[in-house]
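Everything on this sheet refers to the single structure shown next.
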Amino acid sequence: MPELPEVETVRRGLERLVVGRRIERCRVLTAKSFSPGDGAVVEGAVVTGARRRAKLLALDLDNGLVLLVHLKMTGQLVVRGRESWGAGHPSDSLVDALPDRSTRVIFDLDDGSRLFFNDQRKFGWMRCLPAADAAELEFVKRLGPEPLDANPWPEFRRRARRHERAVVKAVILDQSVVAGIGNIYADEALWAARVHPSSRVADLSDRKLRAILDAARAVMEESIELGGSTDRNYVDAEGKRGAYLDFAKVFRREGQACPRCGGAIVKTRVAGRGTHLCPRCQRLRRASGPGSA
DNA sequence: CACTTGACCTGTCCGC
DNA sequence: TGCGGACAGGTCAAGT
């Protein structure tokens with residue numbers, strides 16, 4: 001669901017629709033979705049920037065605070081203009097009238113629009129804290145390199161090589177190894193690099209590791225151009241779905257033909273996650289012991 | 001310490 | 001039709 005391309009798409013929408021706006025009112029409907037418990041800390045503040053690090057969004061405020069947002073699995077940030085919250089929602093929006101039963105926080109902005117934080121499963125969170133403290137959060141400090149930055153390879157290699165015995169899919173999903181990859185793009189990148197998700201890092205050459213990183217960059221760049229992936233819940237800041245899954249090669253395509261070799265795509269379980277691959281072009285090779293299918 | 005599994009939640013889908 | 005259970009996936013906590 002929201003992985004790097006989806007979060008980046010939301011960020012761009014917020015930059016356009018929310019940056020420059022003053023927050024007049026902030027209502028917290030679900031206490032665990034927002035800390036501190038009272039939305040008053042952001043009232044009166046102007047949003048000065050919308051940034052992203054990994055899957056984490058940051059809205060900079062002019063009162064010295066920053067509002068961090070993690071959408072986790074089902075979080076949405078949707079902006080509605082004065083004319084379209086309530087019943088008359090835009091026809092191209094996947095989201096009906098707001099607020100709805102999964103709305104957790106509502107921000108009233110000074111142009112009459114509203115920003116809704118929706119989150120069906122309540123895994124996501126908003127956290128308001130001094131800007132200087134945000135960079136010191138343990139989760140933030142441990143994050144690996146941004147895959148779309150200029151040269152993430154040396155740092156990615158160094159960090160991935162700390163986990164020689166782990167399966168490669170678990171390693172590229174580890175945000176402290178490389179930031180922003182989730183289940184969809186992990187499967188797509190491993191397919192593009194022709195690497196079996198259950199391969200041990202120790203059995204992969206640097207060349208293969210680099211192919212995985214390059215593939216992850218390529219699929220995520222393509223996805224951003226298409227507005228991200230919508231499986232069920234993800235929408236951008238205007239409530240619209242993303243088109244990337246229409247172009248995905250393996251994700252949610254079990255039983256279909258591999259576009260590269262024609263073999264059947266299978267769904268299995270790797271590192272505790274649903275995993276899609278083509279067993280014919282992503283063969284599992286072990287440096288020691290007999291190979292197996 | 002490296003690595004894997006379970007918990008957090010809610011809605012949906014599948015089989016009986 | 002109703003109901004139990006598996007499943008979805010990001011991250012942290014607890015387990016091996």
| query | Among (1) of a type in the set (A, V, I, L, M); (2) closer than 29 Å to A:Asp149 by Cβ; (3) not assigned by TED's automatic domain parsing to the domain that holds A:Leu173, which single condition is A:Val270 missing? | reply | (3)
| remark: Within segment A:63-83, restricting to residues that are in contact with a Pro (Cβ under 8 Å, 6 or more places away or on another chain) and closer than 20 Å to A:Gly124 by Cα, the one that is modelled with the lowest pLDDT is A:Met73
| field | Unmet criterion (only one of (1) of a type outside the set (Asp, Glu); (2) in a helix (DSSP H, G or I); (3) touching a residue at least 40 places away in the same chain (Cβ under 8 Å)) for A:Ile23 | value | (2)
| query | Are any of the residues in segment A:103-116 in the same structural domain as A:Met73 (by TED's automatic domain parsing) and touching a His at 6+ places or on another chain (Cβ under 9 Å)? | reply | no
| Residue satisfying condition, being within 14 Å of DNA strand B (Cβ to nearest atom), out of contact with any Ser or Thr (no Cβ under 9 Å at 6 or more places or on another chain) and part of a loop (DSSP other than H, G, I, E, B), within set A:Arg232, A:Arg252 | A:Arg252
| remark: A:Asp214 vs (1) touching a residue at least 24 places away in the same chain (Cβ under 8 Å); (2) outside any loop (DSSP other than H, G, I, E, B): all pass except (1)
| request: Look through A:Arg200, A:Arg159, A:Arg207 and report the one residue that is within 15 Å of DNA strand B (Cβ to nearest atom) and free of Cβ contacts under 8 Å to residues at least 24 places away in the same chain. | output: A:Arg159
| field | Hits in segment A:26-61 (condition: assigned to a strand (DSSP E or B), free of Cβ contacts under 8 Å to residues at least 60 places away in the same chain and not aliphatic (A, V, I, L, M)) | value | A:Thr48, A:Gly49, A:Arg51, A:Arg52
| Among all residue pairs at least 6 apart or on different chains, which show Cβ distances below 9 Å where the first residue, located in segment A:167-179, is within 11 Å of DNA strand C (Cβ to nearest atom) and the second is among the charged types (D, E, K, R) and modelled with pLDDT under 90? | A:Lys169/A:Arg273; A:Ala170/A:Arg273; A:Leu173/A:Arg273; A:Gln175/A:Arg142; A:Ser176/A:Arg142
| request: Provide a single number: the residues in segment A:117-139 that are buried (at least 16 other Cβ atoms within 10 Å of the Cβ) and under 18 Å from the mean Cα position of the chain (by Cα). | output: 8
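The values are calculated or read from the model by the stated rules, or taken from the named source; none is laboratory data. What you are looking at is a predicted structure, and each value in this text was computed from that prediction instead of being measured. Positions of Cβ are backbone-derived with ideal geometry, glycine not excepted, and every protein chain shown enters the neighbour counts.
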